[in-house]
Amino acid sequence: AQSVTQLGSHVSVSEGALVLLRCNYSSSVPPYLFWYVQYPNQGLQLLLKYTSAATLVKGINGFEAEFKKSETSFHLTKPSAHMSDAAEYFCAVSEGNDMRFGAGTRLTVKP
Amino acid sequence: NAGVTQTPKFRILKIGQSMTLQCAQDMNHNYMYWYRQDPGMGLKLIYYSVGAGITDKGEVPNGYNVSRSTTEDFPLRLELAAPSQTSVYFCASRDDSYEQYFGPGTRLTVT
């Protein structure tokens, strides 16, 4: 069965610093992988998705993620953090009809 | 195009009461989902549907029921509410590229 592990429930960076949020997945077949962002008291919004095309995926707001099959990873990065990036981020995997989410990583951006 | 809508936004129930959380989508998606979100736990799948008349259990279906009589609507029924069902509930629909679109959520408190 598919599953997702997000390493680090909280990540804190300074404004302008690199953002790296880690995600490892488990799947018996080539998966579809997603990163979602959730701002306080809102639903989830798609940042980017991997659907077996290019391994480096670019998303909204300057985020990107790289699918590495050998490492079963799909880490999310952004070269320079903005204050507006402060939110909770969820990695998710889908290999069939349903989708499984990681526990989430809360990103704090310090001025 | 309203996307995915959920009602109510907030609700307080007494133990043992019942209620229905409403979810509707206007994107003609076959797949629809109900999740609950608890702090630090990510999203857990309660039930999902692959089309009108077809539903299936997710990870945490106990205490809930669903129906799917139309493509647009996917209500979630809570029978005999318990404090453990205090959570934020999200409905979502999925397009053919596996992207899920989320509603704004219903915050439920059972006391």
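Pairing residues of region A:85-99 that are farther than 16 Å from B:G40 by Cα with residues that are crowded, with 24+ Cβ neighbours inside 10 Å and of a type in the set (G, A, S), at Cβ distances under 7 Å and at least 6 apart in sequence or on separate chains, gives A:M99/A:A92.
The one condition from (1) away from chain A (no Cβ under 14 Å); (2) crowded, with 18+ Cβ neighbours inside 10 Å; (3) free of Cβ contacts under 8 Å to residues at least 60 places away in the same chain; (4) touching a Lys or Arg at 6+ places or on another chain (Cβ under 9 Å) that B:A24 does not meet is (4).
Conditions (1) assigned to a loop (DSSP other than H, G, I, E, B); (2) of a type in the set (A, V, I, L, M, F, W, C), marked per residue:
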| position | (1), (2) |
| --- | --- |
| B:R11 | no, no |
| B:A24 | no, yes |
| B:G40 | yes, no |
| B:Y89 | no, no |
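When each of B:G40, B:G3 is tested for being within 9 Å of another protein chain (Cβ to nearest Cβ), at positive phi, surrounded by fewer than 15 Cβ atoms within 10 Å (Cβ to Cβ) and at pLDDT below 95, the lone residue that passes is B:G40.
Per-residue answers, yes or no, for (1) crowded, with 21+ Cβ neighbours inside 10 Å; (2) farther than 30 Å from A:V29 by Cα; (3) within 14 Å of another protein chain (Cβ to nearest Cβ); (4) among the aliphatic types (A, V, I, L, M):
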residue: A:S73; (1), (2), (3), (4): no, no, no, no
residue: A:S80; (1), (2), (3), (4): no, yes, no, no
residue: A:Y89; (1), (2), (3), (4): yes, no, yes, no
residue: A:E95; (1), (2), (3), (4): no, no, yes, no
residue: A:A103; (1), (2), (3), (4): no, no, yes, yes
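Residues in region B:48-67 that are touching a residue at least 24 places away in the same chain (Cβ under 8 Å), within 10 Å of chain A (Cβ to nearest Cβ) and assigned to a strand (DSSP E or B): B:S49 alone. Taking region A:7-50 as the range and being closer than 17 Å to A:G96 by Cα, within 11 Å of chain B (Cβ to nearest Cβ) and not in a loop (DSSP other than H, G, I, E, B) as the test, the residues that pass are A:Y32, A:L33, A:F34, A:K49, A:Y50. Cβ-Cβ distances below 6 Å connect the following pairs, each with a first residue in region A:1-12 that is more than 12 Å from A:A87 (Cα to Cα) and surrounded by 14 or more Cβ atoms within 10 Å (Cβ to Cβ), a second residue that is charged (D, E, K, R) and at pLDDT below 90, and a separation of six or more residues or different chains: A:Q2/A:E95; A:Q2/A:R100; A:V4/A:R100.
Scanning for something touching a residue at least 60 places away in the same chain (Cβ under 8 Å), touching a Lys or Arg at 6+ places or on another chain (Cβ under 9 Å) and charged (D, E, K, R), does region A:47-66 turn up at least one residue? Give the steps one after another, and end with the answer.
Filtering region A:47-66 down to residues touching a residue at least 60 places away in the same chain (Cβ under 8 Å) leaves none.
Checked region A:47-66: no residue is touching a residue at least 60 places away in the same chain (Cβ under 8 Å), touching a Lys or Arg at 6+ places or on another chain (Cβ under 9 Å) and charged (D, E, K, R).
Go through (1) of a type outside the set (A, V, I, L, M); (2) assigned to a strand (DSSP E or B); (3) in contact (Cβ under 8 Å) with a residue 24 or more places away in the chain; (4) more than 15 Å from B:Y31 (Cβ to Cβ) one by one and return the number of the condition B:P104 breaks. If we test B:P104 against (1) of a type outside the set (A, V, I, L, M); (2) assigned to a strand (DSSP E or B); (3) in contact (Cβ under 8 Å) with a residue 24 or more places away in the chain; (4) more than 15 Å from B:Y31 (Cβ to Cβ), just (2) comes out false. For region B:29-57, the tally of residues that are among the small types (G, A, S) and within 15 Å of A:V4 (Cβ to Cβ) stands at 2.
Every condition in (1) over 26 Å from B:K14 (Cα atoms); (2) touching a strand residue (DSSP E or B) at 6+ places or on another chain (Cβ under 6 Å); (3) modelled with pLDDT of 95 or more holds for B:T71 except the one numbered (2). For region A:56-66, the count of residues that are over 23 Å from B:R94 (Cβ atoms), loosely packed, with under 12 Cβ neighbours inside 10 Å and within 14 Å of another protein chain (Cβ to nearest Cβ) is zero.
For B:T86, the conditions (1) surrounded by 14 or more Cβ atoms within 10 Å (Cβ to Cβ); (2) more than 27 Å from A:S52 (Cα to Cα); (3) within 14 Å of chain A (Cβ to nearest Cβ) are fulfilled apart from (3).
The values are calculated or read from the model by the stated rules, or taken from the named source; none is laboratory data. Quick caveat: nothing in here was measured; it's all calculated off a predicted structure. Virtual Cβ from ideal backbone geometry, glycine too; neighbours counted across all protein chains shown.
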